[in-house]
């Protein structure tokens, strides 16, 4: 009806209707809330939306209005479930989630996705992604620990970290075990699992970019990943009764911006050093470049080597040595982080696990190259 009145009276009937209904609903809500003590305004807002969507549909936007109406109806139906979820969420968790949304939805889209600074190596968009990655990993680990318990949640944190950044997972878990030494076995399990998943991720990247290299690298990476995951599961079974039964252990902090920004700063430094090494050493510095790049991230140099092998004729032997150096330096970097941040007990266990995995991968790679 309001839509049909607009041609003769303009938008004033709709404005008057919204204001009038808002006044009535406000009075009704205040009286009901005072009597029952229920502060929920869901039904009140839904009634206002019904009026607005009806007017919107009368202007010819029927499909969009119907879609919005169905979504509102679904949310109304899920109201008890949603309220139950909200009661389970702590205030700091809601704050952390909103902060992560600000970082990823409000700030990230407006950052330039171009190289800046020395060698045009600093990309604000990509560096901010690193901040979001670390912060998101901390939040995911926190919820995993709340849902499954501290010891199992840490393992899931490692698995999630391996899909995103095993270095980030190592930093987060090393800091956590320093704060809660009783959880050292669980943290070791999560860190080994993160690195194991890193190797599976590398297999996928090679398979997508340059499948011809899978016959050389695939077996070695799969063996390293399987060994690390096996040791992670073994460590999980060794968790002490203190770790299982100590309910005073808090879940991982939902948000750790300090760690996130520190990791992004480390990536920024490496982003400048890598092109500097390439310029100073020329094409013969590919091994040095791979070693330096691997300190921060192994994916970037892996993608570069795979593309060079595919388009520039880089030999398989050179690619194998370069990727091996990048992987070793990456493992060394994470082992150093583990020892210095998580302590000697944590660091020794991580170094032992990495050593076993590297020996297995090295033997498999040597066999692959010998049959070429």
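Of note:
- Ranking of 180, 309, 91 by count of other Cβ atoms within 10 Å, fewest first: 91, 180, 309
- Sorted by Cβ density within 10 Å, fewest first, the residues 302, 205, 367, 173: 367, 205, 302, 173
- By other beta-carbon atoms within 10 Å, ranking 183, 47, 116, 358 with the fewest at the front produces 116, 47, 358, 183.
- Distance between the range 222-240 and the range 170-200 - C-alpha centres, whole angstrom: 12
Laboratory data are not the source of any read-out in this text; all were calculated from the coordinates shown. Keep in mind it's a predicted model, so treat the numbers as computed, not measured. Note: ideal-geometry Cβ built from the backbone for every residue, glycine included; neighbour counts use all protein chains shown.
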